[in-house]
Structure formats: structure tokens, C-alpha cells
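Here's the structure, in C-alpha cells; my notes come after.
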Amino acid sequence: MKRAFAGALLCAIAGLGPAAASAEQFPARPIRFIVPSPPGGGTDIIARNLAQKFVERAGFATLVENKIGAGSLIGTDYVAKAPPDGYTLMVGGLFNMVMNSALIKDLPYDPVRDFTPVGTISAYPFLLTVRPDMPVSTLAEFVAFARQRPGKLNYGSAGLGTLQHVWGTILVKSLGLDMVHVPYKGAAAAQQDLMAGRIDMMFDNLSAAKQYVESGRSKALAVSSAQRTAQLPDVPTIDETGLARFEGESWFGLFAPAATPAPVIAVLRRTLEDAIRDPDFVARIQRDGGRILAIPQADQPKFLASEVQRWMALVHTYVPSAD
């Protein structure tokens, strides 16, 4: 009996051995941060700043790799199907973990089932801006101006299915306006045409739009966050105007493939939590108009699931092409 018990115990210990050993040795090689969007964009900048802090704060070797194509589907699906060993992570967020679920049928990955959240990183409000020569200075004045011109005003976006398009459409419909959507190949091109007066309105990330507002090349009418932003404290929130109910931020997080061992996830979470507390990292996020988004570990899966449910309902209500 004693020999049998000892044998069973040794088998159990042996079975735990590889996982325990891998956790103790992790990371034994560079960690790859996959970015499912092109270099130079907001996601890419966050990933590179974060990878730098993993090096500085923990001494981990890191690589940042952009895997683009089919919007954000190629890179996201790549990480969903990567070996669950902690060496292939993804910097993603609302755009690919939530909006794709609402917009794309037969998505090749499930954001809740196929990923383990390592942690949230940051969040950025959207800014509603209009061309500089438009004779309005408030959202109420813009709504009145647009209602007098049904079908004659337009709003730009970074392309069909982008957050600028989807959120812009939801907001326009929520305000009861009849406006024409004009998709561009990227937000920068749309912003240039807004400043030149060729389009009338754009709903874009604060980090991209605030520089044009500060220089007088566009006008800011409202911000999408629950509270006013410190970068543009005189700009009211959309909810504050009383004209529509709209609250949202474009958020980012770090994700690992599902089934990544818990001890490895624990190492990654500790490192991420340390990185987003770094004063230099915090300052970079705030300088770009964002805030650190520190959601408790236990609440992260619930947060992701609730975001999918919330935005899917709004998209299917206000964005006809998503039906």
C-alpha cells in the first residue's frame, strides 16, 4: 500500500514537473508582441512602449511584430492559434476583440474563448470634430445646422468597419441626423480633408485629433468619455450635452492564447502591472490623450464579455451593413 501510494505521488509530481519547470524558467527566450495592425499606428506605438518596459523593468527580451491583413483578422487569428506557452502575445483591444465580433460573421476566432486576458493597458476617448469654417461652436448648434440640411453633410472615417466609421454612424443616428459616410484609406487622410473643408465632421481618437483642435485647424464639439478630458477641459462630454447617450473609449490590452499555463500568465501579469505603473509609460499615455486602464484581474474576462455584448447590440441597431 505504501509503495503504491509513493508511486502515485511520484507520478503526480512528475506530471506537474514540466509545468512547474517551465514557469520557473519563463521566459527562456524572447517574448513576441504581435500587433495586428500596421506599423506607426496607435496600437503599434503602445506595443513598442510596452515591450520596452518589459525589457527595462523585468529584463525580458522582447520582439514586436506586425502581422497585418484582412483588417486585424490575420494577426489576431495568428495569436489565437499560437502555442499557448506565453511567448506569443497580442496587443489588441476594442477594435479587434469587440468590434470584429459585431461586424463580421463567421469570425475565425472567438475573443472570449480563444484568449486569456493578461491585462488591460490604456483607454482613449474619441473627439467629435468639425471643419474649421463650419458656423457652429457647440454640438447643439451642429445638430440644428445638420437637421436643416438632411443628406447634404458628411462625416469621414479611416475606412469601412473602422472604429471611426462604426462609432461615427452610431453617434450620427443617435443624434437623429441624416449624413453621408465618406470612407478613407486611413484616418490621417480623412483628417486632412476635414481641415481642408472637404468633409464636414469626423469622430476620431483624441490622440489623433487633439493636435488639430489645439492649432485651430478643426473645431471640437464633444468628447466620448464619461468625464471631460484633461487635454481639452473646455470640451463637454456627449452625455453632458443631453443630445444623445454615448459613452465609450477605445481601450487596449495584452492577450495570450487560451490554455497558457496559469504560472506563466501570473509572471506576465506581474510584469504588465509593473510596466503600466512606470512613470514614463504613464506620461506617454497621458501625453497622447489617454489614461491607464487598470481593471482588476478577476474582472477582466467579465469586462471583455460585457464589451462584446454592449457594442454588438449597438452596432446591430445603428449600423445597417452589420446586419
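Details
- The helices (runs of 4 or more DSSP H) located wholly in the stretch 99-214 that include 1 or more residues which are outside the structural domain of P301 (by TED's automatic domain parsing) and under 24 Å from G42 (Cβ atoms) occupy 163-174, 187-195, 206-214.
- Among (1) part of a helix (DSSP H, G or I); (2) touching a helix residue (DSSP H, G or I) at 6+ places or on another chain (Cβ under 7 Å); (3) not acidic (D, E) - the single one L254 does not satisfy: (1)
- Verdict on D278 being of a type in the set (D, E, K, R), more than 13 Å from Y124 (Cα to Cα) and assigned by TED's automatic domain parsing to the domain that holds D110: yes
- Matching residues in the stretch 70-105 - criterion: being more than 23 Å from L50 (Cα to Cα), surrounded by fewer than 22 Cβ atoms within 10 Å (Cβ to Cβ) and within 19 Å of the chain's Cα centre (by Cα): A70, S101, A102, L103, I104
- Qualifying residue in the stretch 149-158 (condition: closer than 20 Å to L232 by Cα, buried (at least 20 other Cβ atoms within 10 Å of the Cβ) and not hydrophobic (A, V, I, L, M, F, W, C)): no
- Close Cβ contacts (under 8 Å, 6 or more residues apart or on different chains) running from residues in the stretch 202-213 that are farther than 18 Å from R291 by Cβ to residues that are assigned to a helix (DSSP H, G or I) and of a type in the set (K, R) are absent.
- Those residues of the stretch 53-90 which are assigned to a strand (DSSP E or B), of a type in the set (S, T, Y) and touching a residue at least 60 places away in the same chain (Cβ under 8 Å), in sequence order: T88
- Subset of the stretch 188-238 that is in contact with an Asp or Glu (Cβ under 6 Å, 6 or more places away or on another chain) and within 20 Å of L153 (Cα to Cα) - its residue that is surrounded by the fewest Cβ atoms within 10 Å (Cβ to Cβ): G197
- Yes/no for A258 being among the aliphatic types (A, V, I, L, M) and out of contact with any strand residue (DSSP E or B) (no Cβ under 8 Å at 6 or more places or on another chain): no
- Of G42, G59, G86, all but one fail to be in contact with a helix residue (DSSP H, G or I) (Cβ under 7 Å, 6 or more places away or on another chain), at positive phi and not basic (K, R); the exception is G86.
- Failed item, numbered, when G186 is tested on (1) out of contact with any strand residue (DSSP E or B) (no Cβ under 9 Å at 6 or more places or on another chain); (2) closer than 27 Å to T241 by Cα: (2)
- Residues within the stretch 106-121 that are surrounded by fewer than 17 Cβ atoms within 10 Å (Cβ to Cβ) and acidic (D, E), tallied: 2
- When restricted to residues that are among the hydroxyl-bearing types (S, T, Y) and under 14 Å from the mean Cα position of the chain (by Cα), the stretch 40-64 contains 1.
- Only one entry of R284, R310, R291, R270 meets the criterion of being under 28 Å from V55 (Cβ atoms) and free of Cβ contacts under 8 Å to residues at least 40 places away in the same chain, and that entry is R270.
- The residues of the stretch 268-294 that are surrounded by 18 or more Cβ atoms within 10 Å (Cβ to Cβ) and of a type in the set (A, V, I, L, M), listed by number, are L268, L272, A275, I276, I285, L293.
- Looking only at the stretch 266-302, residues that are in a helix (DSSP H, G or I) and at pLDDT 90 or above come to 19 in all.
The values are calculated or read from the model by the stated rules, or taken from the named source; none is laboratory data. This is a predicted model, so every value here is computed, not measured. Reconstructed Cβ throughout: ideal geometry from the backbone, glycine too, with neighbour counts over all protein chains shown.
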